[in-house]
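Bear in mind these aren't lab numbers, they're just calculated from the coordinates by the rules spelled out. Since the model is a prediction, treat every value here as computed from it, not as a measurement. Glycine also receives a Cβ, built like all others from the backbone with ideal geometry; neighbour counts cover every protein chain displayed.
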Amino acid sequence: MDQKTFTIEGMTCAACVRSVEKAALKVEGVSSVSVNLVTNKMEVAFDSTKVSLSDITNSVQKAGYKAILMT
Ligand code: 9UX
């Protein structure tokens with residue numbers, strides 16, 4: 001299991017948080033997602049043999065937000 005942190009752009013309310021979490025969670029192989037509206041950070045735990053980072057950022061993008069991998 002791998003874990004990465006992303007910065008999310010475009011969130012303004014708690015429903016945005018839900019949308020981003022839902023978008024990341026529906027990626028096959030993602031096991032847990034935690035989004036913080038105050039810090040704009042998203043922590044994702046996933047199986048790196050099933051998920052690439054672009055799968056996560058693309059799904060979040062489709063929901064209308066931008067996910068930037070933290071280095
Ligand atoms: Mo809240 Mo977020 O009304 O896209 S859902 S701003």
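Within the stretch 1-60, track down each residue that is of a type in the set (S, T, Y) and touching a residue at least 40 places away in the same chain (Cβ under 8 Å).
Taking the stretch 1-60 first, the residues of a type in the set (S, T, Y) are 5, 7, 12, 19, 31-32, 34, 39, 48-49, 52, 54, 57, 59.
Across the stretch 1-60, the qualifying residues are T5, T7, S19, S48, T57.
Would you check if V44 is closer than 19 Å to M1 by Cα, in contact with a Leu (Cβ under 7 Å, 6 or more places away or on another chain) and surrounded by 14 or more Cβ atoms within 10 Å (Cβ to Cβ)?
Details: closer than 19 Å to M1 by Cα: yes; in contact with a Leu (Cβ under 7 Å, 6 or more places away or on another chain): no; surrounded by 14 or more Cβ atoms within 10 Å (Cβ to Cβ): yes.
Judged against the criteria, V44 is not a match.
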